[in-house]
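S.K.: Before I ask anything, here is the structure I am working with.
A short reminder: the numbers here are calculations on the coordinates, not readings from a lab. What you see is a predicted model, and the numbers here were worked out from it, not measured in a lab. Neighbour counts run over all protein chains shown; Cβ positions are idealised from the backbone, glycine included.
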Amino acid sequence: MKKRALCFFLVFIYVCLAHAQRPDSLWVKYNNKALPDTIRLQSIHAIAWGYCSINPDSAFIIASLERQLAIETKQRKWEANALNVIGVSYLNTGNYPNALEYYFKAVKIYEEIKNKKGIGNCYNNIGLVYLHQANYPAALECGLKALKVREEIGDKQGIAFCYNNIGNVFRNQKNYSKALEYYFKALKIEQELDALQAVGTCYNNIGLVFQYQGNSNNALEYYKKALKIREEIGDKNGIADSYSDMGNTYVRQKKYNEALISFFKALKTHKEIGDKEGIGICYLSMSELHINLKDFNKAIVYADSAVNLSKEIGYLDGERHAYANLATAYSSTNRFKEAYESHLRYKLLTDSIFNVENSKQLGDLKTKFEVEKKEAELKIKAEAQETITAKEKQKQQIIIYAVAGVLLLVIVFSLFLFNRFRVTKKQKLVIEEKQKEILDSIHYAKRIQKALITSERNIAGQLKRLMKKN
């Protein structure tokens with residue numbers, strides 16, 4: 001604890017001095033209190049995250065500053081982000097109990113504020129811790145939880161990370177075909193996204209599978225691809241892992257000098273970043289190398305160091321392999337009692353990691369996930385069908401309403417025409433009656449006129465007769 005506190009103080013002084021001498025744009029933004037809190041938090045979070053793989057202790061300190069600012073400004077999302085980075089810094093230094101503590105604190109806040117992306121990130125990281133602790137059922141369960149959340153929100157980068165971590169579980173369970181299936185799924189997405197660090201991780205993991213399958217040439221090919229990318233982007237953690245894995249491959253090829261060089265490069269880098277798990281793995285690899293070189297005393301020294309470090313950080317798989325190396329080295333130096341005790345511890349740890357119940361749980365979890373995924377797909381299809389049916393029904397209703405509207409218009413128009421016809425007919429009757437009255441009047445006038453003309457003629461005739469008589 002005191003060591004961590006002293007480290008915190010020294011790194012803090014270093015960071016402050018570095019900032020004073022060479023002001024970085026992100027630090028300038030963080031220190032500018034006139035800027036919105038969100039901008040300041042984004043800036044310091046980017047700084048903290050950038051240190052995770054190259055200097056986890058610095059990442060811890062800077063993320064602690066981020067957390068403090070987030071609490072002061074009541075920014076719950078950024079508080080959770082800071083906790084997640086602190087968890088990553090502990091994971092990268094092999095402190096698994098502390099990593100889990102901070103991840104669970106982060107996921108609690110993410111769940112409270114319903115931040116699905118954050119929830120997915122945390123479950124993914126928790127799964128990584130369980131993987132390092134050889135708790136494979138828990139690792140797979142968290143990996144599948146993270147995958148489900150990330151598929152819901154369409155987080156392609158997150159989905160690739162999940163594929164990679166699920167591949168790690170299957171690789172450690174010696175299910176190499178399944179591991180490669182998930183690694184290549186992850187690699188395809190990472191290449192599409194041009195995520196170089198993740199591409200490097202995928203290459204290295206594929207190399208590991210080829211190595212375990214005994215295909216050393218393919219393994220080295222992928223390790224070198226990974227190393228090239230990691231050196232380009234300055235990923236120290238990744239560089240150390242690539243050198244370590246290349247060393248193991250050289251051991252298989254009996255190129256012991258190349259192997260020793262690779263292990264020393266890996267060990268130096270792991271010590272620079274304080275990665276206890278990485279240091280333990282290097283000790284383990286170097287003990288195996290010295291067994292091959294018949295230098296059993298050095299093999300025992302390195303294996304003992306690996307046991308102690310693995311116990312300190314709870315790295316069961318490393319401890320298991322270290323006891324196997326001790327059993328071989330002790331047996332080769334005729335120390336049969338120590339060899340027997342070491343083999344017994346190796347056997348107990350192997351049984352605890354690879355027991356039948358664990359394998360059953362892994363199978364059950366995978367089946368459960370696939371069933372849930374299938375159910376989700378069927379549900380989506382059913383909802384889509386319901387939507388289509390509803391739309392069809394809506395279209396039918398619109399057609400019915402349209403036809404009914406047209407019919408109503410036809411009826412209204414017909415009534416209008418019928419009414420106009422009645423009015424027209426009535427008007428026609430009136431006109432005919434008027435015409436008849438006029439004609440009758442004309443006929444009557446004509447008869448009167450005719451009667452008058454006849455009378456006049458009679459009078460004229462009578463007058464003529466009278467005049468003739470006179």
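S.K.: Taking 25 Å as R0, compute the FRET efficiency from the Cβ-Cβ separation of Asn292 and Glu341 and round it to 0.05. Walk me through the numbers on the way to the answer.
M.R.: Details: r = 23 Å, r/R0 = 0.92.
Computed FRET efficiency for Asn292 and Glu341: 0.60.
S.K.: Okay, next question. Please report, to two decimal places, log10 I(q)/I(0) for the range 223-288 at q = 0.13, 0.24, 0.29 Å⁻¹ as given by the Debye formula with identical point scatterers on the Cα atoms and no solvent.
M.R.: -0.30, -0.95, -1.23
S.K.: Which whole-angstrom value gives the distance between the alpha carbon centres of the range 248-319 and the range 68-129?
M.R.: That distance is 31 Å.
S.K.: Let me ask something else about it. How big is the range 272-351 along each principal axis, measuring the range of its Cα positions in Å and listing the largest first?
M.R.: 38, 29, 14 Å, listed from the longest principal axis down.
S.K.: The range 134-201: D in µm²/s via Stokes-Einstein (Kirkwood Rh, Cα pairs, 37 °C, 0.692 mPa s)?
M.R.: 276
S.K.: Same structure again: Expressed as a whole number of Å, what is the distance separating the alpha-carbon centroids of the range 157-210 and the range 218-237?
M.R.: Using only Cα atoms to place each centre, the spacing works out to 14 Å.
S.K.: Another question, then. Mind putting a number on the dipole of the range 166-286 about its Cα centre? Charges go on the C-beta only, +1 for Lys and Arg and -1 for Asp and Glu, and I need it in Debye to the nearest 20.
M.R.: 440
S.K.: Something else: How far apart, in nm, are two points set 7 Å out from the Cα along the Cα-to-Cβ line at Glu258 and at Asn308?
M.R.: The two pseudo-label positions are separated by 3.3 nm.
S.K.: Quick one: of Lys276/Lys347; Lys265/Lys298; Lys145/Lys228; Lys105/Lys276, which pairs are farther than 27 Å apart, Cα to Cα?
M.R.: Lys145/Lys228
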